[in-house]
Amino acid sequence: MKVLHLFSDWKWTGPAEPVLSLCEALTKKGVDVTVAYRNTPVVDFPERTVEKEVKTRGLPYFDGFRLNRYFSAKDWLFDMKAISSYVSREGVDIVHANLSHDHYTALFALSFSRRKPLLVRTDHKRDGTPYNVFMKWAFEKTDGLV
């Protein structure tokens, strides 16, 4: 089973630890996991980052997406095409979105993909993801919620 974890942040905060720990545990169980994260925009950032931690833990990763959670139509369109291509090329069975931006991007990307992997979302928010009309739409099209 091939799983692509999307994580649209580069900072070592909030859900970063549980996401990478889950990926590590799944890998040890024989699941083919790849972590896609937002590249660190600061050249010599001295503190921990998702990128540094992924490499320290020896997790398989893909850094060819932009995963920009701030408004950037150019980056979002790039990712929709790139994720769709990656899923098809790599034979991904499950796309696991960890943040709202990942979730929406994956939904749009997979709607244009010939391959239709399962889409899972993890809610890392203490009080739960805000349930509005957009999130209702996203959850209706999602195969699983953790």
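The values are calculated or read from the model by the stated rules, or taken from the named source; none is laboratory data. Source: prediction; values computed, not measured. All Cβ positions, even for glycine, are placed from backbone atoms using ideal geometry, and neighbour counts span all protein chains on display. Ligands, DNA and RNA are stripped out before the accessible areas are found, and what is left, the full protein with its side chains, is counted by its heavy atoms. Shrake-Rupley method; radii C 1.70, N 1.55, O 1.52, S 1.80 Å.
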Sort S88, S111, S72, S8 by heavy-atom solvent-accessible area, probe 1.4 angstrom, most to least.
S111, S88, S72, S8
Name the GluC sites (Glu not before Pro) in the range 21-89 that are in a loop by DSSP and that have at most 15 other C-beta atoms within 10 Å, would you?
E47
Checked the range 41-84 against the a/c 1.5 cut and the a/b vs b/c comparison, axes a ≥ b ≥ c from its Cα gyration tensor; verdict oblate
Just the number, please: carbon plus sulfur as a percent of the accessible area of the range 29-146, 1.4 Å probe, no ligands or DNA/RNA counted.
56
Could you work out the relative contact order of the chain? I mean the mean sequence separation of Cα pairs under 8 Å and 6+ apart, divided by the number of residues, in percent.
25
Probe radius 1.4 Å, ligands and nucleic acids left out: which of I94, I83 has the largest accessible area, and how do the rest follow?
I94, I83
Could you work out which residue, out of K28, K11, K52, moves most in a Gaussian network model of the chain, that is, has the largest mean-square fluctuation with Cα springs under 10 Å?
K28
If you count the DSSP beta bridges with both ends in the chain, what percent of them are antiparallel, to the nearest 5?
5
With Cα Rg over 2.2 N^0.38 Å in mind, check (1) 0.99; (2) 1.24; (3) 1.10 and report the label derived from this structure.
(1)
Leaving ligands, DNA and RNA out of it, work out the accessible area of V146 with a 1.4 Å probe and give it in Å² to the nearest 10.
100
Accessible area, 1.4 Å probe, largest first: how do Y104, Y131 sort?
Y131, Y104
By the Cα gyration tensor axes a ≥ b ≥ c (a/c under 1.5 gives rounded; else a/b larger than b/c gives prolate, otherwise oblate), the shape of the range 1-85 is oblate
GNM result for the chain, Cα springs below 10 Å: residue of A25, A16, A36 fluctuating most strongly
A25
I want to verify a result. In a Gaussian network model of the chain, Cα cutoff 10 Å, which of these has the top mean-square fluctuation: D63, D32, D44?
D44
